[in-house]
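The values are calculated or read from the model by the stated rules, or taken from the named source; none is laboratory data. Worth saying up front: this structure is predicted, and the values here are computed from it rather than measured. With ideal geometry, Cβ positions are generated from the backbone for all residues, glycine too; neighbour counts draw on all protein chains shown. Remember, those area values only see protein heavy atoms, side chains included, never the ligands or the DNA or RNA. Shrake-Rupley method; radii C 1.70, N 1.55, O 1.52, S 1.80 Å.
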Amino acid sequence: MKAPIKWLNQYVDIKLAPQVIANKLTMAGIETQNIDPSSGKWADIFIGEVTDIQLHPHADRLKLATINLGDEQVSVVCGAPNISTGQKVPFAKAGAQLVDAHTGKLVMLKPAKIRGVASNGMVCSEKELGISDQHEGIMILPPDAPIGTPLSTYLGNTILDLDVTPNRSDCLSMIGIAREIAALTGEKLHLPEVHYKETDPDINSFISIDIEDPTLCPRYCASLVTDITIGPSPDWLQQRLASYGMKPINNIVDISNYVMLEYGQPLHTFDYHKISGKQIIIRRAKDKEALTTLDGAEHTLTPNILVIADSEGPIAIGGIMGGLRTEITEKSTSILLESANFNRAIIRQGCTQLNLQSEASTRFDKGLSPGLPLIALQRAIQLLVNLAGGKAHKGIIDIQPEKVMPNCLSISPQELKRIGGFEVAPKEMLKALRSLGFECQKNTANSRILITTPYWRSDINCVADIIEEILRIIGYDKIPRASLSSSLPRRETSEMLNLKQKLRSIMTSCGCHEILTYSLISREKIEKLSPSLEQDVAPMKIANPMSREQEYLRTSLQPGLLSTMAYNQKNYESGIRIFEIGKIFLPHADATAPDSKSLPEEKEMLCFGLSGPRQELSWHNNSGMLDFFDAKGIVENLLSQLKLHASFEPCKDKNLFPGRSASIIVNGDKIGIIGDLHPRVTQEFDLSSSACLAEIDIDKLLDKKTSAAAYNSIFRFPSITRDLALVIDKDIDYQRADKIIRGFPLVTTVTLFDIYEGKQIPQGKKSLALRIVYQSADRTLTDAEANQIEQQILHQLDQELGAKLRS
Amino acid sequence: MAKRLVDLRAEAVEELVKINNIKDLDSWKIRFLGKKSKLAQILHSLAKLPIEERREVGAQANKVKMALESSLAEKRNTLQEASLLSSLQQDKLDVTLPGRPVSSGHIHPITQTLEEISDILRNMGFQIVEGPDVEWDYYNFEALNIPQWHPARDMFASLWIDTSGKDSRLLRTHTSPTQIRVMEKTRPPIRVIAPGRVYRYEATDATHESMFYQIEGLAIDKNVTMANLKDTLFELCYSLFGKEIRIRFRCDYFPFVEPGVEVAIECLSCHGSGCRICNYSGWLEILGAGMVHPDVLRRANINPDIYSGFAFGLGIERIPMLRYGVDDIRLFYRNDLRFLQQF
């Protein structure tokens, strides 16, 4: 909301500097910045007159305009469609600071040649001046604007730019803002004095009005003004509208806009003679009823939309936009003036459904006071009589089936202290409330203050609202600081949060970087991977996605991880080790039925991926590419830090390399998968080199997590270390041999330190070099004992796996 | 005899001076101090001498022996030091060569910020809870005083799973629904924070993302006041931005709190004089907050006449952006390792 200080000054004396006023408003709840056109931004901008227009010799859409600045004539290139001779326009000389219409940034205007023709300045749009977002054409000033005068002198002084919160619809008006300023500065408010002469006959002999559903239209006021002369508004009115950023049109439209800006109450004007049947009905639209609005758009309506209708059909969409059929034209002489209150829900619904918004609807959908329509209507009649030569017919039709009673509340100083945390004297409370127009009475018996809220503050409904009013007028900076002293809740630690934090630290200690990818992904990316981890439920779809890229809730972390890997492979030379800890979203199986709604299961997962060289390029030995066993090492390390032991069983997963993928099993339960990527997936994700990944279900990990395992004492007695080389069939998994050896008593560690296949051993065989450590808890082992166990181990390996000692 | 001893000593010393390695020193020892050395022979022959002479020569011979042994020890010492020095000189490294690379990972800057804020608030007695990303309209809006028709819905452009109906599902637009879920389950005293992802129907650019992180805070008990809220948020800002930072605590509007609060800190870039980063206001908005609206408490069966509480919510991305001068929010989710490695 833009509020020129010059305009506000009509209702309240503003003695403080604009930035002080802006700061007070900001602190009290309405964030305000002041636009100060005279201080730099509007320097070098003057009022000029368009005296001549020629076509640009080299461009069809451009024109050459001559601008009279009083003491000089300037020629400029202009592309605006609405420029014509005789107009008064804002003209920026080179060096002026203007808003770039495309970037919104302030730029300095430089002299330029446009398509070979010199242009010594620029005719500006409202957007370029920073007045509004209007950029469809140049800004046109009232005809009496004095040529050669600085624009800042003419349009006035500083403008306040207020970001009005949705609860304060009363501040979408000059008077509303003036009220705030009066309360914050202690100045008096002056409201316009409204009086005008009425003529016979009474309005009721011209029209009848009926509200079908008062919940949708709690109040409807109308009056009739005849014998009006349509023409331009007086200059002061045009200037006011222009300073707000609104284009003056004619006296009738300008007056209704002016009153809307002054009081915040939108008005509508109908050409009385175009209303059929001398009647107006406020009702829901009938299904498929049609209406063409003032902007020329044709709408097909439904009962969700409120219309103003005559005997023929709809003539306006209530509170949103008028209809073309009853539009005021230059020939209109009698107007029916509407000032009504509409239900904000139906306005909002109508705007959404018709995809239509207006200055009126943005006010109505915030909820306006039912006290406003009559006051604003009378002000409009006054202006129509005074400025458009109209005759106001006697009486006002005012239909308000349910009178709104003022809201009565009460508050005690104790209640204020209980929420505010400090004492405020009752005198201060009264002063703050009264400054805002609240009627207050102090009950001396119980020291409560009885409050009647003013009609324009329909946002005040409970004691908490009153507390905020008092505190914001006194100032939030008066609130002291006091540390929370309430009793602490029983401390419960979230196992899941702790586990996630621990996993993050383990993963980074393994050299992996944490990534965070979007929860929403494209269908395309999902389809690059077939469902893994036993899911066959369709992912959840967003009904109104921003883009195809973000349409489905992820059911796996893999697509995000692999896309990130592909992106980094293009830019990053070293090895890539990345992981993500995050939620996946699994719809419940029954969610496919259209009427059974439930929230998806949100599962915490860990996914990591490796690709590229194992070590950064350096002068030290380089040791090849990251592979399956790097990934497996990370999983083993991770589980061992959680005091869990995993086994790995070869598995089939559509996205992983067959024969190079495994299920991760903990306590007999599959908690995840690990493997090299299937070449198809590598290609689908546009990965430049192979990669391996693992995905682990953190919820399952949490289930398996045990408290610290028992401590193993460190043996005092010396151990015996033996190395063995076994020759075994190539296809036999190492894990089988390992399991046999570990099954023997006194074996404390088994380490595989070499695998060999080649010339030295028969084809189809591999040689495993193992180091076995034997140790006893209660005595020193003898060589004989170690030899005996070794013989038994070799015997069993031979029996079960056909393994022989390498000769 | 005495003359022989003098000569012997002179010869031994002369030889010793020429020696420059341990091996020669060892043979010198055998030659002059060994069992078959001249000195040993002299000592051996003492027994044959008359008693007078025996005492005199014996004393002299012993003196020579001690002198030679001492010279030997000294020489050995010198030689060892020289050999150590030479090996130290030979075994030197080019210490300017780069070290062996150690690969260690980095935690994402957003996670780091979340953890930092969580730690600060945990120390103030707040416990961490989590809520779902996919929510019911009820928790995201209705229960927070934002019914279907409410204009505040414009502040939260939403991504919907269902397009119509009262029990619609959506991606939560803020972490505030977690407030309701906690209040429904727990009786006061309550002191929790809820970090998490939130989603908006919003075109992305350098300062807007359709997905970002928030932390929600909620404290409810008897006698929780705005003074407590102010103190908690000031402490949080001081911990995050330093004790010197100027803080603005102003009235603002959020449907689920009353009175409402917004907290801004002085612009870290221009320190209040106004620049592009703070949109020429001098302030950076950091937090929305307020006293929990009595209707919200009532809906969760907490009696607002007995209990009061405050709630606050802050966006996470803003903080590392301000601290490190990150000028594009999208960098956080592009996951370029060249970016992530800097944190």
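Considering only residues that are of a type outside the set (Val, Ile, Thr), closer than 22 Å to A:GLU136 by Cα, open to solvent by less than 40 Å² (accessible area, probe 1.4 Å) and outside any helix (DSSP H, G or I), which ones fall in the range A:238-296?
Result: A:GLY245, A:MET246, A:PRO248, A:ASN250.
Taking the conditions exactly as written (of a type in the set (Asp, Glu), touching a strand residue (DSSP E or B) at 6+ places or on another chain (Cβ under 8 Å) and under 30 Å from A:VAL20 (Cβ atoms)), does A:GLU187 satisfy them or not?
Values: of a type in the set (Asp, Glu): yes; touching a strand residue (DSSP E or B) at 6+ places or on another chain (Cβ under 8 Å): yes; under 30 Å from A:VAL20 (Cβ atoms): yes.
In short, yes.
Of the numbered conditions (1) without any contact (Cβ under 8 Å) to a residue 60 or more places away in the chain; (2) more than 7 Å from every other protein chain (Cβ to nearest Cβ); (3) more than 29 Å from B:ILE306 (Cβ to Cβ), A:LYS502 satisfies every one except a single condition; which is it?
Tallying (1) without any contact (Cβ under 8 Å) to a residue 60 or more places away in the chain; (2) more than 7 Å from every other protein chain (Cβ to nearest Cβ); (3) more than 29 Å from B:ILE306 (Cβ to Cβ), A:LYS502 fails exactly one: (1).
Filter the range B:263-296 down to the residues that are within 10 Å of chain A (Cβ to nearest Cβ) and closer than 17 Å to B:ALA219 by Cα, then identify the one that is surrounded by the fewest Cβ atoms within 10 Å (Cβ to Cβ).
B:ASP295
Could you list, in sequence order, the residues of the range A:392-427 that are over 30 Å from A:PRO373 (Cβ atoms), among the basic types (Lys, Arg) and away from every other protein chain (no Cβ under 12 Å)?
A:LYS427
To keep it simple, each residue is scored yes or no on (1) part of a loop (DSSP other than H, G, I, E, B); (2) buried (at least 17 other Cβ atoms within 10 Å of the Cβ).
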{"position": "A:SER688", "(1), (2)": "yes, no"}
{"position": "A:LYS700", "(1), (2)": "no, yes"}
{"position": "A:THR721", "(1), (2)": "no, no"}
{"position": "A:GLN735", "(1), (2)": "no, no"}
{"position": "A:THR749", "(1), (2)": "no, no"}
{"position": "A:ILE755", "(1), (2)": "no, no"}
{"position": "A:LYS759", "(1), (2)": "yes, no"}
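Step by step: first the residues of the range B:200-258, then only those that are among the β-branched types (Val, Ile, Thr) and surrounded by 22 or more Cβ atoms within 10 Å (Cβ to Cβ), then the one that is farthest from the other protein chains (Cβ to nearest Cβ). Which residue is that?
B:ILE215
Can you confirm whether the range A:301-311 contains a residue that is closer than 29 Å to A:LEU383 by Cβ, within 14 Å of chain B (Cβ to nearest Cβ) and among the aliphatic types (A, V, I, L, M)?
Checking the range A:301-311: at least one residue is closer than 29 Å to A:LEU383 by Cβ, within 14 Å of chain B (Cβ to nearest Cβ) and among the aliphatic types (A, V, I, L, M).
If you check B:ARG169, B:ARG197, B:ARG181, which single one turns out to be at pLDDT 90 or above and either on the phi > 0 side of the Ramachandran plot or more than 8 Å from every other protein chain (Cβ to nearest Cβ) (or both)?
Details: B:ARG169 fails: either on the phi > 0 side of the Ramachandran plot or more than 8 Å from every other protein chain (Cβ to nearest Cβ) (or both); B:ARG197 fails: either on the phi > 0 side of the Ramachandran plot or more than 8 Å from every other protein chain (Cβ to nearest Cβ) (or both).
Being at pLDDT 90 or above and either on the phi > 0 side of the Ramachandran plot or more than 8 Å from every other protein chain (Cβ to nearest Cβ) (or both) holds for just one of B:ARG169, B:ARG197, B:ARG181, which is B:ARG181.
Can you run down the residue pairs with Cβ atoms below 9 Å, 6 or more apart or on separate chains, where the first is in the range A:340-363 and away from chain B (no Cβ under 11 Å) and among the charged types (D, E, K, R) and the partner is surrounded by 16 or more Cβ atoms within 10 Å (Cβ to Cβ) and part of a helix (DSSP H, G or I)?
Listed pairs, sorted by first residue: A:GLU359/A:ASN257; A:GLU359/A:MET260; A:GLU359/A:LEU261.
Give me the residue from the range A:538-561 that is in a helix (DSSP H, G or I) and over 23 Å from A:GLY672 (Cβ atoms) and, out of that set, least open to solvent (accessible area, probe 1.4 Å). Write out each step before concluding.
Step one: list which residues in the range A:538-561 are in a helix (DSSP H, G or I), which gives A:548-550, A:558-561.
Remaining after also requiring over 23 Å from A:GLY672 (Cβ atoms): A:548-550.
Values: A:ARG548: 166, A:GLU549: 97, A:GLN550: 32 Å².
Here the answer is A:GLN550.
Taking only the range B:169-197 into account, find how many residues are surrounded by 20 or more Cβ atoms within 10 Å (Cβ to Cβ), part of a strand (DSSP E or B) and touching a residue at least 40 places away in the same chain (Cβ under 8 Å).
7
Taking A:ASP676 as meeting all but one of (1) within 14 Å of A:GLY609 (Cα to Cα); (2) open to solvent by 40 Å² or more (accessible area, probe 1.4 Å); (3) out of contact with any Asp or Glu (no Cβ under 7 Å at 6 or more places or on another chain), write down the number of the exception.
(2)
Tell me which of these A:ASN655 doesn't satisfy, since it passes every other one: (1) in contact with a helix residue (DSSP H, G or I) (Cβ under 6 Å, 6 or more places away or on another chain); (2) within 14 Å of chain B (Cβ to nearest Cβ); (3) touching a residue at least 60 places away in the same chain (Cβ under 8 Å).
(2)
When you go through B:GLU69, B:GLU52, B:GLU115 one by one, which is the residue that is away from chain A (no Cβ under 13 Å), farther than 30 Å from B:SER168 by Cβ and without any contact (Cβ under 8 Å) to a residue 12 or more places away in the chain?
B:GLU52
Each row is one residue, and each column tells you yes or no for (1) in contact with a helix residue (DSSP H, G or I) (Cβ under 9 Å, 6 or more places away or on another chain); (2) more than 14 Å from chain B (Cβ to nearest Cβ).
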site	(1), (2)
A:LYS603	yes, no
A:LEU610	yes, no
A:SER623	no, no
A:GLN641	yes, yes
A:ALA646	yes, yes
A:LEU702	yes, no
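Residue check: is A:LEU471 surrounded by 19 or more Cβ atoms within 10 Å (Cβ to Cβ), facing chain B (nearest Cβ under 9 Å) and part of a loop (DSSP other than H, G, I, E, B)?
no
Out of the residues in the range A:762-807 meeting the condition of being assigned to a loop (DSSP other than H, G, I, E, B) and among the charged types (D, E, K, R), tell me which one is surrounded by the most Cβ atoms within 10 Å (Cβ to Cβ).
Narrowing the range A:762-807 to residues assigned to a loop (DSSP other than H, G, I, E, B): A:762-764, A:775-782, A:802-803, A:806-807.
Keeping just the survivors that are among the charged types (D, E, K, R) gives A:778-779, A:806.
On the way: A:ASP778: 7, A:ARG779: 9, A:ARG806: 16.
The selected residue is A:ARG806.
Checking the conditions here, which among A:SER494, A:SER486, A:SER519 is under 33 Å from the mean Cα position of the chain (by Cα), facing chain B (nearest Cβ under 10 Å), under 30 Å from B:GLU235 (Cβ atoms) and open to solvent by less than 80 Å² (accessible area, probe 1.4 Å)?
Only one candidate qualifies: A:SER494.
For the range A:38-82, what are the residues that are under 40 Å from the mean Cα position of the chain (by Cα) and open to solvent by 60 Å² or more (accessible area, probe 1.4 Å)?
A:SER38, A:SER39, A:LYS41, A:ASP44, A:ARG61, A:PRO81
Here are some residues: B:ARG122, B:ARG31, B:ARG54. Which one is open to solvent by 50 Å² or more (accessible area, probe 1.4 Å) and modelled with pLDDT under 85?
Matching residue, one of B:ARG122, B:ARG31, B:ARG54: B:ARG54.
Only one of (1) open to solvent by 100 Å² or more (accessible area, probe 1.4 Å); (2) assigned to a helix (DSSP H, G or I) fails for B:ALA73. Which number is that?
Of (1) open to solvent by 100 Å² or more (accessible area, probe 1.4 Å); (2) assigned to a helix (DSSP H, G or I), only one is false for B:ALA73: (1).
Take the range B:84-107 and flag every residue that is open to solvent by 100 Å² or more (accessible area, probe 1.4 Å) and within 13 Å of another protein chain (Cβ to nearest Cβ).
Listed by number, the residues that qualify are B:LEU93, B:THR96, B:ARG100, B:VAL102.
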